[in-house]
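The values are calculated or read from the model by the stated rules, or taken from the named source; none is laboratory data. What you are looking at is a predicted structure, and each value in this text was computed from that prediction instead of being measured. Cβ placement follows ideal geometry from the backbone for every residue including glycine, while neighbour counts extend to all protein chains displayed.
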Amino acid sequence: MPIGALMLLAGCGSHQETKKAPAPPMTITMDGFGSTAAGETVNLYTLSNTKGMEVKISTWGGDIVSVKVPGKGGKADDVVLGFDALDGYLKENPYFGAIVGRYGNRIGKGRFTLDGVTYRLATNNGANHLHGGLRGFDKQLWRAKEMPSAEGVRLDLTYTSKDGEEGYPGTLTATVSYTLLGNENALQIDYEAVTDKPTVVNLTNHSYFNLAGQGVGDILNHSVTILADRFTPVDSGLIPTGELKPVAGTPFDFRTPHTIGERIGAKDAQLAAGGGYDHNFVLNKPAGDLALAARVSEPTTGRVMEVLTTEPGVQFYTGNFLDGTLTGKAGKVYGKRSAFCLETQHFPDSPNQPEFPGTVLRPAGRYRSTTIYRFPAVP
Ligand code: GLA
């Protein structure tokens with residue numbers, strides 16, 4: 001039974017001068033999701049709008065547990081991979097739906113130098129640091145608060161990462177706001193963070209999408225557009241070489257739509273390094289502007305997802321490491337390339353790459369980042 005139900009009037013208080021009829025109510029409800037090994041209570045929030053979209057978010061890892069959106073004929077499907085029960089998320093898993101931090105993506109050799117001091121981070125990906133280390137933000141319990149919003153229904157999650165956690169300097173308090181919009185089917189994620197010592201920050205969400213529905217085959221037929229003239233080629237450990245390489249004439253040219261499968265098997269050293277696409281694209285839009293980064297469409301359901309972000313980059317990952325060993329929601333087995341990720345971010349290894357946009361946060365500053373996953377209505 002949902003508890004703590006809160007009804008909100010979407011759009012109330014805004015555009016009153018246009019005398020629009022108030023939008024129908026949207027809801028946010030909370031259920032128990034279980035408890036951690038340490039006995040902490042984990043909750044599951046359900047955000048719904050009146051256009052048929054529903055999102056479930058867990059306070060463990062801030063995980064997006066499900067995203068239901070209508071496709072052709074109004075049929076709603078859950079389009080993200082994950083687990084039915086908390087247990088799946090507590091066990092080792094490849095960041096299904098999780099908030100990733102303190103630094104999303106890789107930091108070469110797990111070290112960086114800031115203001116003359118070298119910091120050593122946990123190494124959990126060969127010699128490198130990946131997605132915040134051994135116990136990143138995806139393996140933490142977040143404090144939840146339902147918040148008023150004129151745009152939709154909003155849930156704020158907060159986590160305080162201690163000075164020295166996973167090797168990072170400074171106590172960092174991060175707040176991630178999930179807002180399910182009311183006037184369209186879109187999930188907006190706003191990230192904020194403050195620190196008491198200089199540190200590095202790069203927050204993202206690691207949802208695995210399959211627009212045909214979670215567990216429905218692979219994503220090779222999905223058509224992808226990424227508004228990027230360049231990408232960051234990587235070495236064999238997936239650390240950027242520092243070059244911003246033009247996508248023109250390569251399988252990385254998604255400036256016009258291409259299916260994922262079309263060139264994923266091409267003879268290409270970068271595709272070989274990633275075992276498929278697992279690369280950061282350098283977005284064309286001006287830094288800091290909230291603008292379209294990528295668009296993905298799926299032919300059988302007609303479903304489309306657009307990704308807008310303020311971030312300068314996006315990691316396009318095609319589930320190359322999924323191998324059929326994980327069984328997820330509704331008993332579905334997640335095979336290789338059964339989902340894709342579009343992780344909006346600053347570029348990997350930025351703390352060691354002075355030419356890349358900076359990721360340093362100082363006590364006087366405030367980290368801010370916004371990403372929207374939008375699902376236009378399917379005719
Ligand atoms: C990111 C990385 C991948 C992989 C996945 C998780 O997308 O770039 O290499 O680590 O996360 O499996």
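Annotations for the structure displayed:
- Residue that is surrounded by the fewest Cβ atoms within 10 Å (Cβ to Cβ) [pool: residues in region 327-379 that are small (Gly, Ala, Ser) and within 16 Å of the ligand (Cβ to nearest atom)]: GLY335
- Region 278-303, residues that are within 16 Å of the ligand (Cβ to nearest atom) and in contact (Cβ under 8 Å) with a residue 60 or more places away in the chain: ASN280, VAL282, ALA293, ALA294, VAL296
- Picking from residues in region 190-206 that are more than 15 Å from the chain's Cα centre (by Cα) and outside any loop (DSSP other than H, G, I, E, B), the one that is nearest to the ligand (Cβ to nearest atom) is VAL200.
- Leading residue by the ranking (nearest to the chain's Cα centre (by Cα)) among those in region 91-126 that are among the aliphatic types (A, V, I, L, M) and over 15 Å from SER161 (Cβ atoms): ILE107
- Tally of residues being of a type in the set (Gly, Ala, Ser) and within 16 Å of the ligand (Cβ to nearest atom) across region 242-277: 5
- Qualifying position, being over 27 Å from ASP253 (Cβ atoms) and touching a strand residue (DSSP E or B) at 6+ places or on another chain (Cβ under 6 Å), among LEU361, LEU342, LEU322: LEU361
- Among residues of region 321-343 that are in contact (Cβ under 8 Å) with a residue 12 or more places away in the chain and closer than 17 Å to GLY88 by Cα, those with a beta-carbon under 7 Å from a residue that is more than 12 Å from the ligand (Cβ to nearest atom) and in a strand (DSSP E or B) at least six positions away or on a different chain give the pairs GLY324/VAL333; LYS329/ASP78; VAL333/THR327.
- All positions within region 113-139 that are more than 14 Å from the ligand (Cβ to nearest atom) and among the hydroxyl-bearing types (Ser, Thr, Tyr): THR113, THR118, TYR119
- The numbered conditions (1) more than 20 Å from VAL100 (Cα to Cα); (2) in contact with a Leu (Cβ under 8 Å, 6 or more places away or on another chain); (3) outside any loop (DSSP other than H, G, I, E, B) are all true for ALA330 except (2).
- Taking region 241-263 as the range and being in contact (Cβ under 8 Å) with a residue 60 or more places away in the chain and β-branched (Val, Ile, Thr) as the test, only ILE260 passes.
- Of the residues making up region 207-227, those that are within 16 Å of the ligand (Cβ to nearest atom) and assigned to a strand (DSSP E or B) are PHE209, VAL224, ILE226.
- Candidates THR46, THR27 - the one that is surrounded by fewer than 18 Cβ atoms within 10 Å (Cβ to Cβ), at pLDDT 95 or above, among the hydroxyl-bearing types (Ser, Thr, Tyr) and part of a strand (DSSP E or B): THR27
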